[in-house]
């Protein structure tokens, strides 16, 4: 045991054990075999950590509790079920009112196929859906659904109404690499930015007369922001803005059209271009990019893209950036180059290793966000 690298996943409490050949150079075939082996062990760990929570419909994180209601619709497709996480309204209100909104949320939307989950917010407050702990709660919920319900991790959708819509505005960009699509219903955007939605199809639904807190005007404004972002990058920022004529805060279910719209999309966990702005709760990783947590501050921006085996860092507010790589992204048997501000930072091959596979699986808790190689960079 002393020769093995032990990684404790603090969130779920399981040990990921890197094999003795953790630093040994792997071929592409060996890396795929190692990924398959580690996913099998990871699924057992997730079942042990979260299986009881799913069965009891209650997720626990420290002293916090997040009950869930869920329904299953349709037959399981060959590529796995979909997962819809639907956040209720309410907010800074009595517990019973938030409970009523939660019980109502499970009845609002009916997908043709998938696991439709209505979590009950762990808090009774205005920011109940986007406090820092919600990152971990959603990771736990997704991991459990993938293992317990055979959900496809590339078919996870986020939606919410009113205070739940507030949550979509914030959590969609904050965890953009976890969602296949998102839909915001009747929520307030607050300070949330839309730049992280490059690879995340996004819907805005708002009643024309929903003027409380200036929600209707802000919905139009944010729709125009997405219009501009899409015009500057026609391959990304897929979105639709629906301002429902004659309606106020309740849109008489016009927004149910969002379910079928979202269902047509699948997540690409390795997009060729990533724009990553740190939101109010900072994160050390998004898609295939990683930065030191101690450097990360809200508002910091990183823009990276790759064309074949050429990687371009177009903008970085960080002194240190790590590129996480695998053979689904590029050809690791060939040299790659990294360019920043017209200068070559790196040219050569990177090594696949079981240690990187182990670490990224433990950190990301997503069988589709596993990487077999990493390239740490110091930017001038």
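The values are calculated or read from the model by the stated rules, or taken from the named source; none is laboratory data. Remember, predicted model here, so these are calculated numbers, not experimental data. Cβ sites come from the backbone with ideal geometry, for glycine too, and all protein chains shown count toward neighbours.
When 281, 356, 274 are checked against the criterion of being closer than 23 Å to residue 200 by Cα, modelled with pLDDT of 95 or more and touching a strand residue (DSSP E or B) at 6+ places or on another chain (Cβ under 8 Å), 274 stands alone in meeting it.
Would you be able to say whether some residue in the range 87-106 is under 27 Å from residue 43 (Cα atoms) and surrounded by 21 or more Cβ atoms within 10 Å (Cβ to Cβ)?
Narrowing the range 87-106 to residues under 27 Å from residue 43 (Cα atoms): 87.
In the following step, the residues that additionally are surrounded by 21 or more Cβ atoms within 10 Å (Cβ to Cβ) were identified as 87.
Yes - at least one qualifying residue is present in the range 87-106.
Condition first: out of contact with any helix residue (DSSP H, G or I) (no Cβ under 7 Å at 6 or more places or on another chain) and either more than 12 Å from residue 274 (Cα to Cα) or crowded, with 17+ Cβ neighbours inside 10 Å (or both). Now tell me which residues in the range 313-324 satisfy that. I'd like the intermediate steps shown before the answer.
Residues of the range 313-324 that are out of contact with any helix residue (DSSP H, G or I) (no Cβ under 7 Å at 6 or more places or on another chain), as a first pass: 313-323.
Within the range 313-324, 313, 316, 317, 318, 319, 320, 321, 322, 323 meet the criteria.
In the range 46-53 there is at least one residue matching the filter, namely being modelled with pLDDT of 95 or more, within 22 Å of residue 364 (Cβ to Cβ), touching a strand residue (DSSP E or B) at 6+ places or on another chain (Cβ under 8 Å) and surrounded by 14 or more Cβ atoms within 10 Å (Cβ to Cβ). Hey, among 159, 218, which residue is farther than 20 Å from residue 269 by Cβ, buried (at least 24 other Cβ atoms within 10 Å of the Cβ) and out of contact with any helix residue (DSSP H, G or I) (no Cβ under 6 Å at 6 or more places or on another chain)? Selected residue: 159, the only one of 159, 218 that is farther than 20 Å from residue 269 by Cβ, buried (at least 24 other Cβ atoms within 10 Å of the Cβ) and out of contact with any helix residue (DSSP H, G or I) (no Cβ under 6 Å at 6 or more places or on another chain). Going by what's in this entry, would residue 294 be described as without any contact (Cβ under 8 Å) to a residue 12 or more places away in the chain and outside any strand (DSSP E or B)? The answer is yes for residue 294. Among the candidates 155, 71, the residue that is under 22 Å from residue 50 (Cα atoms), part of a strand (DSSP E or B) and within 20 Å of the chain's Cα centre (by Cα) is uniquely 155. Annotation note: of 262, 203, the sole residue that is touching a helix residue (DSSP H, G or I) at 6+ places or on another chain (Cβ under 9 Å) and touching a residue at least 40 places away in the same chain (Cβ under 8 Å) is 203. In the range 240-257 there is no residue matching the filter, namely being under 20 Å from residue 179 (Cα atoms), under 21 Å from the mean Cα position of the chain (by Cα), in contact (Cβ under 8 Å) with a residue 24 or more places away in the chain and crowded, with 17+ Cβ neighbours inside 10 Å. Screening residue 380 with (1) loosely packed, with under 14 Cβ neighbours inside 10 Å; (2) at pLDDT 95 or above; (3) not in a strand (DSSP E or B) gives one miss only, at (2).
In this structure, does residue 128 turn out to be under 21 Å from residue 249 (Cα atoms) and part of a strand (DSSP E or B)?
On the way: under 21 Å from residue 249 (Cα atoms): yes; part of a strand (DSSP E or B): no.
No; evaluated as a whole, the condition is false for this residue.
I'm trying to understand the selection: among the residues of the range 93-112, which are in contact with a helix residue (DSSP H, G or I) (Cβ under 9 Å, 6 or more places away or on another chain) and assigned to a helix (DSSP H, G or I)? First the steps, then the outcome.
Filtering the range 93-112 down to residues in contact with a helix residue (DSSP H, G or I) (Cβ under 9 Å, 6 or more places away or on another chain) leaves 93, 98, 101, 105, 108-112.
Residues satisfying the conditions are 98, 101, 105.
Can you tell me which residue within the range 333-342, out of those that are surrounded by fewer than 20 Cβ atoms within 10 Å (Cβ to Cβ) and at pLDDT 95 or above, is nearest to residue 27 (Cα to Cα)? Don't jump to the end; show me each part of the working.
The first filter runs over the range 333-342 and keeps only residues surrounded by fewer than 20 Cβ atoms within 10 Å (Cβ to Cβ), leaving 333-335, 337, 339-342.
From the residues that got through so far, the ones that are at pLDDT 95 or above too are 333-335, 337, 339-340.
Values: 333: 8, 334: 12, 335: 14, 337: 20, 339: 26, 340: 28 Å.
Among those residues, the one meeting the criterion is 333.
The requirement of being part of a strand (DSSP E or B) and modelled with pLDDT of 95 or more is fulfilled somewhere in the range 118-125, by at least one residue.
On inspection, residue 210 qualifies as crowded, with 22+ Cβ neighbours inside 10 Å, assigned by TED's automatic domain parsing to the domain that holds residue 91, out of contact with any strand residue (DSSP E or B) (no Cβ under 7 Å at 6 or more places or on another chain) and at pLDDT 95 or above. When the range 128-144 is filtered for residues that are buried (at least 18 other Cβ atoms within 10 Å of the Cβ) and either more than 12 Å from residue 365 (Cβ to Cβ) or modelled with pLDDT under 95 (or both), the ones remaining, listed by number, are 128, 129, 130, 131, 134, 137.
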